[in-house]
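The values are calculated or read from the model by the stated rules, or taken from the named source; none is laboratory data. Just so we're clear, the structure is a prediction, and the values are computed from it rather than from any experiment. Ideal geometry is used to build each Cβ from the backbone, glycine not excepted, and the neighbour counts take in all protein chains shown.
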Amino acid sequence: MKLFFLLVYSILWISCNRQSKEPSSNIIIGRDTNVFRPEVANPYVSQDISPVDISYYPVDYPVQKMTDPSIPLPVARIIYSRPQRQGRSIFGSLLKFGEPWRLGANEATEIELFQTVRSGKQTLNKGRYILYCIPQADKWTIHFNTNIYSWGLTQHKELNVYAIEVPVQKIVNPLEYFTIVFQKTDAGADVIFAWDEVEARLPLIF
Amino acid sequence: MKKILLFSFSLFAIALVHAQQNGAKLPALDKSPMDMVYYPVNYPILKIQDKITQPLISRVIYSRPQKANRIVFGELVEYGQVWRLGANEATEIEFFQNVRIANKNIPKGKYTLFAIVNPDKWTLILNKETDVWGAFKYDEKKDVVRTTVPVQKLPESADAFSIVFEKVTSGVNLVFAWDDVKVAMPFTFTDIK
């Protein structure tokens with residue numbers, strides 16, 4: 001019996017810890033409006049309304065590295081800005097179908113591959129790329145481009161190195177903040193792009 | 001005993017529901033959001049405007065904790081301890097050219113920035129171990145350079161921790177500002193083609 005309680009409580013403990021590290025999507029929406037405060041007095045640089053964020057694969061790589069200092073290099077990391085919905089209609093409205101979108105805000109979204117990976121039938125060499133997409137109602141074309149360290153508003157098509165068409169799926173809980181996250185798959189990992197009521201998955205094989 | 005069991009089971013069920021909600025693993029917005037700065041300042045904007053006159057020198061990616069009415073230095077950031085100069089992931093600096101810091105040649109590449117904060121001076125540290133969380137596993141053996149710089153008082157308090165590049169006659173200062181203090185880490189670069 002004691003063992004049973006120990007089991008239940010350890011599962012509970014783990015669940016609660018997970019909860020504090022990975023807030024559910026419900027919490028995301030509740031917190032959005034007061035997460036940042038515009039600061040007039042900051043003489044340096046005010047907070048971006050679309051703050052930068054970083055996603056690694058393996059997920060939470062820097063945290064994992066604390067417990068396992070010998071962990072090999074990550075597979076990939078993405079640095080992107082997180083625009084928020086703010087009651088607007090996003091796809092087909094704020095973002096026009098058929099027009100390029102930087103998959104974020106401000107600076108172009110950057111993916112760094114720490115090793116060569118495959119996507120579809122294409123091999124992507126290790127290195128840095130920027131990502132953008134051309135959204136449609138039912139599918140997105142995601143482009144890898146070498147115009148790194150650029151602002152995301154203009155795309156140089158001649159620097160495109162790879163494009164893949166991926167389907168768009170509806171998600172249950174609409175997201176206030178644009179979100180990019182990696183999710184493990186049998187073949188490697190998907191890069192999930194999610195915002196408003198949709199998500200698209202870019203498969204990476206490694 | 002039955003009651004305890006029942007209670008345990010309901011807790012268990014609640015935990016399961018939570019775990020399922022977490023299944024999507026979509027991250028919330030960070031309380032200390034990330035930001036990045038380039039030198040030349042606003043390089044990505046200059047790039048799309050075809051206004052670049054100088055090659056890319058450096059980029060810093062850091063998280064921006066907020067004072068939020070707390071006492072920052074000496075309490076939240078303890079004196080004499082290694083601090084990640086930000087929040088969450090440790091602050092990353094990348095040099096796209098070789099630079100000189102504190103009379104030491106620093107080869108181009110990615111580094112992690114830390115600081116040991118004191119009331120009147122900060123020791124700024126460049127360390128080779130990248131993609132790390134905080135300063136919890138900071139290893140002095142991987143330091144590339146340390147430089148100690150004086151603390152300057154700000155006329156107005158900055159609520160959000162800020163890092164900016166400032167051009168000065170001798171080169172560039174990497175300025176760190178939070179609460180009512182700022183420090184500047186000077187660096188120079190020569191091998192611009």
Candidate set from region B:147-166 (those that are among the β-branched types (V, I, T) and part of a strand (DSSP E or B)); member that is nearest to B:R64 (Cα to Cα)
B:I163
Would you mind telling me which numbered condition in (1) surrounded by 20 or more Cβ atoms within 10 Å (Cβ to Cβ); (2) at pLDDT 95 or above; (3) under 16 Å from the mean Cα position of the chain (by Cα) A:Q183 fails?
(1)
Going by what's in this entry, would A:F178 be described as assigned to a strand (DSSP E or B), more than 13 Å from every other protein chain (Cβ to nearest Cβ) and surrounded by 14 or more Cβ atoms within 10 Å (Cβ to Cβ)?
no
Quick one: B:K137 ticks every box in (1) more than 22 Å from B:S63 (Cα to Cα); (2) within 11 Å of chain A (Cβ to nearest Cβ); (3) assigned to a loop (DSSP other than H, G, I, E, B); (4) not small (G, A, S) except a single one, so which number is it?
(1)
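Do you know which residues across region B:37-89 are among the aromatic types (F, W, Y), over 22 Å from B:W122 (Cβ atoms) and in contact with a strand residue (DSSP E or B) (Cβ under 7 Å, 6 or more places away or on another chain)?
Listed by number, the list holds a single entry, B:Y38.
Taking B:L56, is it closer than 23 Å to A:E110 by Cβ, within 11 Å of chain A (Cβ to nearest Cβ) and modelled with pLDDT under 90?
The answer is no for B:L56.
One line per residue, one yes/no per condition, for (1) free of Cβ contacts under 8 Å to residues at least 40 places away in the same chain; (2) surrounded by 15 or more Cβ atoms within 10 Å (Cβ to Cβ); (3) over 24 Å from B:E75 (Cα atoms):
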site: B:F114; (1), (2), (3): yes, yes, no
site: B:W122; (1), (2), (3): no, yes, no
site: B:E129; (1), (2), (3): yes, yes, yes
site: B:G134; (1), (2), (3): no, yes, no
site: B:D139; (1), (2), (3): yes, no, no
site: B:R146; (1), (2), (3): no, yes, no
site: B:D159; (1), (2), (3): no, yes, no
site: B:T169; (1), (2), (3): yes, no, yes
site: B:A177; (1), (2), (3): yes, yes, no
Scan A:Q115, A:Q155 and give me the residue that is within 14 Å of chain B (Cβ to nearest Cβ), surrounded by fewer than 18 Cβ atoms within 10 Å (Cβ to Cβ) and in a loop (DSSP other than H, G, I, E, B).
A:Q115
